[in-house]
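Some notes on the structure that comes next.
Where a number appears in this text, it was derived from the coordinates with a stated rule and is not lab data. This is a predicted model, so every value here is computed, not measured. When we count neighbours, we look across all protein chains shown, and the Cβ atoms used for this are built from the backbone with ideal geometry, even at glycine.
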Amino acid sequence: MSRSELSVSRWLEAHTDRGAGLTTLPRNAILTDIVGNGDYHLVITDLKLDNDTKSRLKVYKGTLMTHDQALSNTPNSVISFYADLNEPRIPVVGVACGSELFLYKNLKPFYKCKVPSCPLSEQESELWKTLMEKQDFNSEDIIKELKKIPFSLLSSRSQHILNLESPLKIEEYIRKYINSMPTKENVITCMSTIEKTTHDKYSVNCPIIGTEFGNIYILDPQNFSILHQANTCNVKATPFIIECSGLYDIEFRIIVACREGYICILRKGWLEGKSLIQITNDIVDMVLIPGDNFITVATADKGLHCYTKRGQKLWSATTTNSITCLCLVPLDHINMYMVAVGMKNGLIHLYHGRHLTDFTVAPDTPSVIVFGPVGQEENVMVIVTMGGTISFKILKRTADFSNRNHESVPVLQGKPLPLPKRSKLFLEQSLRERQSAVEIHQTFQQDLLRLRLTTARALVQNLSDQSGVGNEKENIKLSAQVLGLGPKFTVILTLENINPNKVLTGLSVTFHSNPIFYTLTTYIITVPLIPPSLSYKMETRVQETMSETSSETSVAELEPAGVKVIRVFVTRYDHPRPILAATINMPPTEFMV
Amino acid sequence: MDPMYLALSLFRRRHYDKCIDICTSILDKQPLDQAAWCLKMRALTQRVYVDDLESEESPQDDVLDENVVASAPRPGTSLKSTSTAVPFTALGARPRTATGRPISGVVRPGTQTGRPGSALDRLKTSRGTTAQSARAIRLGTAAMLTQKDGPFIQVSRLNLAKYAKIKTLNKPLFEYLFYHEGDIRNAMELAVLATQHCEFKDWYWKIQLAKCYSALNLIRDAEQQIRSALKQHPHIESYIRLIRIYIRLDQPLSAISLCKQGLEVFPNDVSIMTELARLTEALNEPQSSVKYYRSIVIEDAMNTEAIACIGMYHFYNNQPELALRYYRRVLSMGAHSPELYNNLGLCCLYSQQLDLTLACFQRALDLATDPLIKADVWYNLSYVAIAAGDIGLAIQCLNLCLVADPTHASAFNNLAVLHHRSGKPHLAKAYFTSAREHQPELPEPGINLEVLQDA
């Protein structure tokens, strides 16, 4: 993304109310045409977790709150859907509180449906039945009986009894409720809707409910009876996000994210879902991208992952901050789906596929992001932050997302590396490794010590004649170059000051060569001051003396490898020891035949 | 015993020096004894004979090469372009020497002469050279030294036209001139006269002419001669010489098709298959190359080159344990070189046979006399040190590598990385820069420098 693109934001800041004081969780905010006149309202729940204040259902018309009513219980999700084909088309708003679903039409409550409660375990119901018959009990016996049943299988009443401390309170509590059987509430954890027969803006939708005990219910939109019931997964899994695609009457897929890290799939006619993906980290949020049906999952470790509908991983990206919520941003006019990623500190990134295409900022960490029409405006992003601020951002109609720079992002390798087959030999060798691990380790350590000694010796050898490419203590580096085909050569020496702070002064370079082989133009060069991190180049011309005798008489004086050399010493004025020495292997003169 | 018979026997038993002595004494008595003269020539030739097929080739002077077909050949049709742009194969990029030769367990003809590069490169670098011309001169002088009383044959006084007509003498004389004297011009003159005399019917002379032509860099003429010789008599040597000529002309695809043609005439011939395997490897097709090497091993279970190359293939295919087996086979066949021990050490390291690793490297160090090989051993030892988690030792090893070979670009790069990790970015930068200077085509230093600049 170029800088010029970034300088002008694609978003208009429409309204921000820092004093709204809202506490809203993901999936508790929707944009819906609540009165049926095409004027979209924002419907949110405002959670109050204190005992004395009740949570509220609030409706914003534009940026103004027009409606505010109390809810009986803590809400956990809000949906809206068209229940029938009657004109005018007014959607039903559903608010799940506890195990009940409250349905509102025209902002007036008109129906309440309750999720069937779970059957009690046999032992527990037996216990309570006897209590009801006898009307007489010993609280210690009851505690003992209840403790035999796993805690998680108990009804909330029995769990409460186990949590009470004094026997007196227990007795009082039991007396209070002795005439009724306890029930095991199946609390609603999440909701969604699925289109029933057609894909249409105004099509009839069926609500889907996920509960604490892992049940998924699909309800009839007219009489709210259960159309289909299924379990989320074959293992214990608590759904907390439901996303769906397809049509209820034809074929559908329900993707369920569970608190345990599973992502399960449920299709038409299935009584039990199948685990599709298992994520080791906690799932923060999930969206299903329409069209491709790609599942985009945000995890607690700043990860954003994308999977196909079959559960194959497509890509992973790491965000800069931890993710708090996701929101699908459908842009119908350019046929594009993006995902808004809300992160800690208020940054909101927009991803198209795996590419980061845009960003915007919220006043603080966003808690919920919704995108859709508000009032007459088509594309509005509504953000409710953790601090209670509500903020409206309008996407400019001229916003252009087409010129994205794909090259800046490296392509993640989707396929695993092709590894060769594990050979039989490998297995044999690994067997040997396992059997004599101690011996192998000891030998290796001994050899390593020996290697250190050899290395140290060789280094001392080099240190004594100061050969090497550089002197790290003095921070200088020397490199040499020989140009020419011979018998005339040019030797270029580069002396580099590696130290970034200090200058090099008082150096001189001395050349040493056998006069039988070479004559040099200069033998001593005084090096001027070398500023930090710069280098100094010097050159000397070398003439090879081509006498017949030289080739025969002085074979013994050649270097062991049989090459002729010129030695270079870098010295300080006052020190007799060179600080750096190098040997230049001179190439033999090329005879032109 | 008849001295002539004794000399022949000694020649057969390869006691060339003794054979030459006896021939000399015969010739002292009878200076015109053609048999002794011929035998002495052959003995002298054999004494210095170098298999010029398996020896190094003459370097190609790029500047003066008038046979270059295209300056920007299409991918896969040239051997020269591969050295600069290493394509990523399934095996990933293999390490190469400074001249772009894939590092393998064996030294092969034509792979070492590349070291100095072209004359143009020489103007920039500081490497020594070993050219064919220099070798020929060295051989000549070495032969001369042993003869105190002047050369055996005064070539300039030789009546070549006379000897070219004597069928029994012309071939030994040619070989003497070509191999012993290194006098290619006179040898060629003799070959021209001889082939004229036998009315161009003897394929031998055509091959010899081609040898002379290619030594004089007249490659297209050499190609013509061999083609015509092959028509008369298909011979493995002729095929291989022609293949070499195509490689010199940088036409690997024609060379490969010629190899396949040759294999139809001589099915499963080891030398032609070796050429084919080398060619495919040079074209970066390791899979097909290793296929040919495998068929070579089926024919000749003692072929060191093939075994070592299969080992190398397995090593870079992430199967060091298999590579180890092949290199051990080479070792048990009697090879004893620092490179082999170095490879064994690396295989041991990567197949987790740690107790043998350093023993192998120690041997390699002890055997390595060539500073370049010593540098490579120290370079590999730095990897052992890194694997053992001793960064200090690794830095020391790399420093020693650079002492042995101050132009080792990979060592500079690795040293820079290690220094950067130990918190000396300015040092790292200097080393990266010198790595890039020494081998600009190496991708790592450039990328690392960019990273350093961004940071």
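Remarks
- Sparse-neighbourhood loop sites, chymotrypsin sites (Phe, Trp or Tyr not before Pro) in region A:154-220 - DSSP loop, at most 15 other Cβ within 10 angstrom: A:Tyr202
- Oblate is the label for region B:368-455. Its Cα gyration tensor axes, ordered a ≥ b ≥ c, give a/c of at least 1.5 and b/c at or above a/b.
- From phi via Karplus (6.51, -1.76, 1.60), per-residue ³J(HN,Hα) for region B:247-264 in Hz, x at Gly/Pro: 5, 5, 7, 6, 10, x, 6, 5, 4, 5, 5, 5, 4, 5, 4, x, 5, 6
- Derived scalar couplings ³J(HN,Hα) [region A:181-189; Karplus, 6.51 cos²θ - 1.76 cosθ + 1.60; whole Hz; x for Gly, Pro]: 7, x, 10, 9, 5, 9, 6, 6, 10
- Shielding by partners - mean other protein chain Cβ count within 10 Å, residues of A:422-429: 4
- Computed over chain A, relative contact order equals 9 percent, with contacts defined as Cα pairs under 8 Å that lie 6+ residues apart.
- Shown for A:Arg457, A:Arg27: other C-beta atoms within 10 Å of each C-beta, ranked fewest to most, produce the order A:Arg457, A:Arg27.
- Reach of A:Lys302 by Cα under 19 Å, taken over aspartates and glutamates that are not fewer than 8 positions away in the same chain: A:Glu260, A:Asp282, A:Asp285, A:Asp358, A:Asp364
- For region B:234-296 and region A:355-381, distance of Cα centres in Å: 67
- Within 10 Å of each Cβ in B:312-321, the average number of Cβ atoms from other chains: 3
- Taking packing as the residue-averaged number of other Cβ atoms within 10 angstrom, the listed peptides A:181-189, A:48-56 run from highest to lowest as A:181-189, A:48-56.
- For A:453-463, mean number of other protein chain Cβ atoms within 10 Å: 4
- Put in line by how crowded their Cβ is, counting other Cβ atoms within 10 Å and starting with the fewest, A:Leu71, A:Leu529 read A:Leu529, A:Leu71.
- Peptides A:86-92, A:130-136, A:494-500 ranked from most to least packed give A:494-500, A:86-92, A:130-136, packing being the mean of other C-beta atoms within 10 angstrom over each peptide's residues.
- Shown in residue order for region B:356-367 are the 3J(HN,Hα) couplings computed by the Karplus curve 6.51 cos²θ - 1.76 cosθ + 1.60 at θ = phi - 60°: 9, 4, 6, 4, 5, 5, 4, 4, 4, 5, 5, 7 Hz (x for Gly and Pro).
- From least to most packed, judged by other beta carbons within 10 angstrom and beginning with the fewest, A:Lys169, A:Lys477 follow the order A:Lys169, A:Lys477.
- A simple charge model with +1 on the Cβ of Lys and Arg, -1 on the Cβ of Asp and Glu and nothing else charged puts the dipole of the protein assembly as shown at about 1080 debye relative to its Cα centre.
- Long-range amide H partners of A:Glu272 with built H, under 5 Å: A:Asn231
- Three-way shape call for region A:289-389 based on the alpha-carbon gyration tensor, with the a/c threshold at 1.5: oblate
- A straight line joining the Cα centroids of region A:110-127 and region A:167-246 runs 12 Å.
- Alpha-carbon centroids, region B:156-206 and region A:32-97: separation in whole Å: 108
- Shape of region A:122-177, Cα gyration tensor, a/c cut at 1.5: oblate
- For the peptides A:374-380, B:152-158, B:440-446, residues were scored by their other Cβ atoms within 10 Å and the scores averaged per peptide; the highest-first order is A:374-380, B:440-446, B:152-158.
- Distances between placed amide hydrogens fall under 5 Å for A:Ala14 paired with A:Phe392, A:Lys393, A:Ile394, all partners being 5 or more residues away or on another chain.
- Given A:Lys134/A:Lys236; A:Lys114/A:Lys201; A:Lys112/A:Lys344; B:Lys206/B:Lys260; A:Lys502/B:Lys374, the pairs whose alpha carbons are separated by over 30 Å: A:Lys134/A:Lys236; A:Lys112/A:Lys344; A:Lys502/B:Lys374
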